[in-house]
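The values are calculated or read from the model by the stated rules, or taken from the named source; none is laboratory data. What you see is a predicted model; the values in this text were computed from it and never measured. Here the Cβ positions follow ideal geometry from the backbone for every residue, glycine too, while neighbour counts run over all protein chains shown. Remember, those area values only see protein heavy atoms, side chains included, never the ligands or the DNA or RNA. Shrake-Rupley method; radii C 1.70, N 1.55, O 1.52, S 1.80 Å.
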Amino acid sequence: MRNKPDAVMLFAAGFGTRMAALTADRPKPLIAVAGKTLLDHALDQIARAGVAQTVVNLHYKGEQIAAHIQGRPNIALSWEQEQILETGGGLRAALPALGSGPVFTLNSDAVWTGPNPLITLRDQWDATRMDALLLLAPPSQIKGFRGMGDFLLGADGRITRANGAPGLAYLGAQIVLPDGIETIKEQVFSLNILWDRIIAKGRAFGVQHAGGWCDVGRPEGIAEAETLLEANNVL
């Protein structure tokens with residue numbers, strides 16, 4: 001079993017309902033931001049990090065995503081035909097293509113500036129202490145996030161749930177060791193179930209992103225993301 005992640009689960013199966021009419025004829029990952037689809041923004045981050053294997057999960061209008069990435073190397077598809085399995089169920093279904101050991105997971109509905117998120121995670125990963133390492137940022141540093149924060153970051157790097165207190169936002173990128181995920185009884189479930197197990201063991205950690213980030217889950221997020229990219233000369 002590898003100790004360093006070299007495969008990434010890219011989540012792209014959702015209905016994108018918060019995008020309203022924009023996802024009537026296309027899946028959310030194929031919405032363009034600054035002339036490039038959200039899917040390509042994510043795949044370019046993966047390519048720059050040099051990750052060997054990518055698995056993309058598909059459901060809503062998945063045939064469009066499959067056609068879009070045809071020809072890109074080292075990408076496997078994990079079709080969720082009957083229903084969307086959410087993040088936890090989707091990761092579990094994709095494990096045969098991801099292989100054993102820790103894996104990256106990355107959401108496909110955001111844009112980034114600054115250091116590559118996957119490289120930041122890989123540089124901080126310590127398999128002797130960690131079963132999860134989440135990329136975080138203060139809500140004041142990012143765009144499109146609503147809420148007080150998801151996690152508290154301790155002085156030793158461990159994370160706990162913020163539970164309504166001011167905390168750090170989860171940026172949709174992590175390294176996780178999915179050991180035990182097969183014992184979760186639900187077929188459709190969130191990664192939060194696995195995280196809570198890992199937090200309880202004291203093996204959940206966080207690292208802060210040094211750049212910018214914008215959630216593109218709503219229509220207004222498109223303009224916010226383009227402004228962020230332009231301000232950082234990413235366009």
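So if I check each of LEU77, LEU85, LEU10, which one is open to solvent by 30 Å² or more (accessible area, probe 1.4 Å), under 21 Å from PHE189 (Cα atoms) and among the aliphatic types (A, V, I, L, M)?
Going through LEU77, LEU85, LEU10 in turn, just one is open to solvent by 30 Å² or more (accessible area, probe 1.4 Å), under 21 Å from PHE189 (Cα atoms) and among the aliphatic types (A, V, I, L, M): LEU77.
Considered as a group, the residues in the stretch 100-123 that are in contact with a strand residue (DSSP E or B) (Cβ under 9 Å, 6 or more places away or on another chain) and surrounded by fewer than 16 Cβ atoms within 10 Å (Cβ to Cβ) include one that is nearest to ALA169 (Cα to Cα), and that residue is GLY114.
Of the residues making up the stretch 48-65, those that are open to solvent by less than 40 Å² (accessible area, probe 1.4 Å) and either modelled with pLDDT under 95 or touching a strand residue (DSSP E or B) at 6+ places or on another chain (Cβ under 6 Å) (or both) number 7.
Considering (1) crowded, with 20+ Cβ neighbours inside 10 Å; (2) under 17 Å from the mean Cα position of the chain (by Cα); (3) touching a residue at least 40 places away in the same chain (Cβ under 8 Å), the lone condition that MET19 does not fulfil carries the number (2). Among the conditions (1) surrounded by 21 or more Cβ atoms within 10 Å (Cβ to Cβ); (2) of a type outside the set (Lys, Arg); (3) part of a loop (DSSP other than H, G, I, E, B); (4) over 17 Å from the mean Cα position of the chain (by Cα), the only one that ASN233 does not satisfy is (1).
For the stretch 95-129, enumerate the residues that are of a type in the set (D, E, K, R) and part of a loop (DSSP other than H, G, I, E, B).
Listed by number, the residues that qualify are ASP109, ASP126, ARG129.
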